[in-house]
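Heads up, the thing below is written out as structure tokens.
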Amino acid sequence: MTPPGGKTITEWINPAAFVVPAPGTFGNAPRDVARGPGAWQIDMGIGKRIPVTERMQLEFRTEFFNIFNHPQYGQPLADFSAGPGVFGSIISSVNTGPVGTGTPRQIQFALRASF
């Protein structure tokens, strides 16, 4: 099921390994026969406390989300009715929203005064 040139987002599943079943019949491929790409991302935060007086201190904090800017691809399209050249390709990402897993690298800073 792996394409001859290896897995890419344009051909994650080898379309030559499958055929459309005869009309009115079911195919013989088992459920979940193919796996999509794995999802991983690394988040990191660092901080520094700075005493200003005996009772007051500042805390500076930086947080990095998806620090390596690794893309999180969605599942491959596993429907023959999508058309030729589309079956087995990845056409979406895990998250299209502004926050959460799969977003581009984000950096945020915080400064807090405690007294």
- Query: In region 11-26, is there at least one residue being within 30 Å of Arg105 (Cβ to Cβ), modelled with pLDDT of 85 or more and touching a strand residue (DSSP E or B) at 6+ places or on another chain (Cβ under 8 Å)?
  - Reply: no
- Can you tell me how many residues in region 29-52 are more than 16 Å from Gly100 (Cα to Cα), of a type outside the set (A, V, I, L, M, F, W, C), touching a residue at least 12 places away in the same chain (Cβ under 8 Å) and outside any strand (DSSP E or B)? 2
- Going through region 69-85 in order, the residues found to be more than 30 Å from Met44 (Cβ to Cβ) and either among the hydroxyl-bearing types (Ser, Thr, Tyr) or surrounded by fewer than 15 Cβ atoms within 10 Å (Cβ to Cβ) (or both) are Asp79, Ser81, Ala82, Gly83, Pro84, Gly85
- Any residue in region 55-74 that is in contact (Cβ under 8 Å) with a residue 60 or more places away in the chain, part of a strand (DSSP E or B) and closer than 30 Å to Gly97 by Cα? yes
- Message: When you scan region 36-59, do you find a residue that is surrounded by fewer than 10 Cβ atoms within 10 Å (Cβ to Cβ), closer than 25 Å to Thr10 by Cβ and not polar (S, T, N, Q), even just one?
- Response: yes
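Residue-by-condition table, conditions (1) under 14 Å from the mean Cα position of the chain (by Cα); (2) of a type in the set (Phe, Trp, Tyr); (3) within 21 Å of Ile91 (Cβ to Cβ):
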{"position": "Val19", "(1), (2), (3)": "no, no, no"}
{"position": "Phe26", "(1), (2), (3)": "no, yes, no"}
{"position": "Ala39", "(1), (2), (3)": "yes, no, yes"}
{"position": "Val52", "(1), (2), (3)": "no, no, no"}
{"position": "Phe60", "(1), (2), (3)": "no, yes, no"}
{"position": "Phe64", "(1), (2), (3)": "no, yes, no"}
- Message: Going by what's in this entry, would Asn28 be described as of a type outside the set (Val, Ile, Thr), in contact with a Pro (Cβ under 9 Å, 6 or more places away or on another chain) and loosely packed, with under 10 Cβ neighbours inside 10 Å?
- Response: yes
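The values are calculated or read from the model by the stated rules, or taken from the named source; none is laboratory data. Quantities reported herein were computed from a predicted structural model and do not represent experimental measurements. Here the Cβ is made from the backbone with ideal geometry for all residues, glycine too, and neighbour counts use every protein chain on show.
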